[in-house]
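Take a look at the structure set out below.
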Number of protein chains: 2
Amino acid sequence: MSPLPIEFWFEFASTYSYPAAMRIQDLAAQAGATVQWRAFLLGPIFSQQGWNDSPFNIYPTKGRYMWRDLERVCARLRIPFRKPTVFPRNGLIAARITCQFAEADWIGAFVRAVYTANFAEDQDISDVAVLESILERLGQRGPAIIECAQSSESKARLREQTEQAVRLGIFGAPSVRVGDELFWGNDRLDDALEWYKRGVV
Amino acid sequence: MSPLPIEFWFEFASTYSYPAAMRIQDLAAQAGATVQWRAFLLGPIFSQQGWNDSPFNIYPTKGRYMWRDLERVCARLRIPFRKPTVFPRNGLIAARITCQFAEADWIGAFVRAVYTANFAEDQDISDVAVLESILERLGQRGPAIIECAQSSESKARLREQTEQAVRLGIFGAPSVRVGDELFWGNDRLDDALEWYKRGVV
């Protein structure tokens, strides 16, 4: 019997998803778990709460704190960080790629490369050329993958996955699911993996 | 020269302030720091953000998660927890007492007792009798302290302290200030004390 996977629910625009995405595959491996990469969109979820932008933009005091805190968190975890000049960046195509190719062996590396582009290299991850370049570096055929990710079937898949997030009680990113237990935030990564280990052992 | 204090900014109704309030004096002592207890009110701050209730009530999905998470956090920290039947409870008088008697040697014990009443014993902390009972157990004259805390001077003091919180960029509770550095949330207590130790050493 193969071990239970842990589900990593994330949005490419989400700031605190960045340090979590960079670490989760290694942390999961140390715990004997595999990661299921579950990209979704925060936009529709925030809309339901009456927000038409990131709450970090709607509430500037909270936003100012978040950027300083993220800088400290990344420094502590030794993860490179440069504040993006545009926030939030549109991660729609990257999310469709992740959703469509979630089982590919290169998908974890793709997720990390997109986050690095956004939060360490200040690149525009909504730009197809940026995504193609990332895919090519991973040895993949960028244009073919992006064409597939932009198919109506692939678009529907991401919409469905976002609806599933709502049904699972997910309201923010990153969120980690271990069985039926939900953990929200980069700050809960260790707790989620502790939970996993307790369940498996 | 006495060491720099750390400032603990909290609201008695705030759920995540509970585990932080229960631990901060011990953690600070281990780091060689003293605690300045800074009660304030979240109500006026939330009003400015357009909220007329706790965001955990306004956004029920987030609220459901918070209660489960708080239960897990308290279990991990071995802090007793019982979900209050009323939330949020009105901590106005308790906050005025804390503000007026912030320098008293019993104030840390008072803060912990009020939080325990709310989040472990499901008592109504807006009830003067509950607060008097806590004060008496601490060897204080309850009615005299409450009368003083309800004076117009004391009311103005809490208002002023809440305005100061806003000026300091505080948007939620608990918040810890170490010098000019702000840390938000029970999850940042250890980081705040690390920061303190780095600054002192």
List the number of the failed condition for A:ARG76; all other conditions in (1) modelled with pLDDT of 95 or more; (2) surrounded by 13 or more Cβ atoms within 10 Å (Cβ to Cβ); (3) within 14 Å of another protein chain (Cβ to nearest Cβ) hold. (2)
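Do we find a residue being hydroxyl-bearing (Ser, Thr, Tyr) and in contact (Cβ under 8 Å) with a residue 40 or more places away in the chain anywhere in region A:99-122? Steps first, answer last, please.
Within region A:99-122, the subset hydroxyl-bearing (Ser, Thr, Tyr) is A:115-116.
Filter once more, so that each one left must be in contact (Cβ under 8 Å) with a residue 40 or more places away in the chain: A:115-116.
Within region A:99-122, one or more residues are hydroxyl-bearing (Ser, Thr, Tyr) and in contact (Cβ under 8 Å) with a residue 40 or more places away in the chain.
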Within region B:96-134, residues aliphatic (A, V, I, L, M), farther than 23 Å from B:MET66 by Cα and part of a helix (DSSP H, G or I) come out as B:ILE97, B:ILE107, B:ALA109, B:VAL128, B:ALA129, B:VAL130, B:LEU131, B:ILE134
For region B:70-92 the number of residues that are in contact with a helix residue (DSSP H, G or I) (Cβ under 6 Å, 6 or more places away or on another chain) and more than 30 Å from A:LEU193 (Cα to Cα) is 1
Could you check, for region B:50-59, whether at least one of its residues is away from chain A (no Cβ under 14 Å), in contact with a helix residue (DSSP H, G or I) (Cβ under 7 Å, 6 or more places away or on another chain) and surrounded by 18 or more Cβ atoms within 10 Å (Cβ to Cβ)? no
Just give me the residues in region A:119-150 being closer than 20 Å to A:ASP26 by Cβ and either among the small types (Gly, Ala, Ser) or surrounded by 21 or more Cβ atoms within 10 Å (Cβ to Cβ) (or both), in sequence order. A:PHE119, A:ALA120, A:ILE134
Residue set B:GLU132, B:GLU71, B:GLU121, B:GLU136; condition at pLDDT 95 or above, under 30 Å from A:ALA173 (Cβ atoms), more than 15 Å from the chain's Cα centre (by Cα) and among the acidic types (Asp, Glu); output residue B:GLU71
Pull up region B:60-70, narrow it to residues that are facing another protein chain (nearest Cβ under 9 Å) and over 16 Å from B:TYR18 (Cβ atoms), then point me to the one that is surrounded by the fewest Cβ atoms within 10 Å (Cβ to Cβ). B:ARG64
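So is A:ARG137 on the phi < 0 side of the Ramachandran plot, in contact (Cβ under 8 Å) with a residue 40 or more places away in the chain and not polar (S, T, N, Q) or not? It would help to see each step written out before you state the result.
Details: on the phi < 0 side of the Ramachandran plot: yes; in contact (Cβ under 8 Å) with a residue 40 or more places away in the chain: no; not polar (S, T, N, Q): yes.
No; evaluated as a whole, the condition is false for this residue.
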For B:ILE146, all conditions in the list (1) more than 14 Å from every other protein chain (Cβ to nearest Cβ); (2) under 17 Å from B:PHE8 (Cβ atoms); (3) not hydroxyl-bearing (Ser, Thr, Tyr) hold save one; what is the number of the exception? (2)
Can you work out which of the residues in region A:178-201 that are out of contact with any helix residue (DSSP H, G or I) (no Cβ under 7 Å at 6 or more places or on another chain), within 12 Å of chain B (Cβ to nearest Cβ) and over 12 Å from B:ASP69 (Cα atoms) is surrounded by the most Cβ atoms within 10 Å (Cβ to Cβ)? A:TRP195
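Just give me the residues in region B:32-49 being in contact with a helix residue (DSSP H, G or I) (Cβ under 9 Å, 6 or more places away or on another chain) and either over 22 Å from B:PHE110 (Cβ atoms) or without any contact (Cβ under 8 Å) to a residue 40 or more places away in the chain (or both), in sequence order.
Taking region B:32-49 first, the residues in contact with a helix residue (DSSP H, G or I) (Cβ under 9 Å, 6 or more places away or on another chain) are B:32-35, B:37-46, B:48-49.
Within region B:32-49, B:GLY32, B:THR34, B:GLY43, B:PRO44, B:ILE45, B:PHE46, B:GLN48, B:GLN49 qualify.
The values are calculated or read from the model by the stated rules, or taken from the named source; none is laboratory data. These numbers come from a predicted model, not from an experiment. Note that each Cβ is placed from the backbone with ideal geometry, even for glycine, and that neighbours are counted across all protein chains shown.
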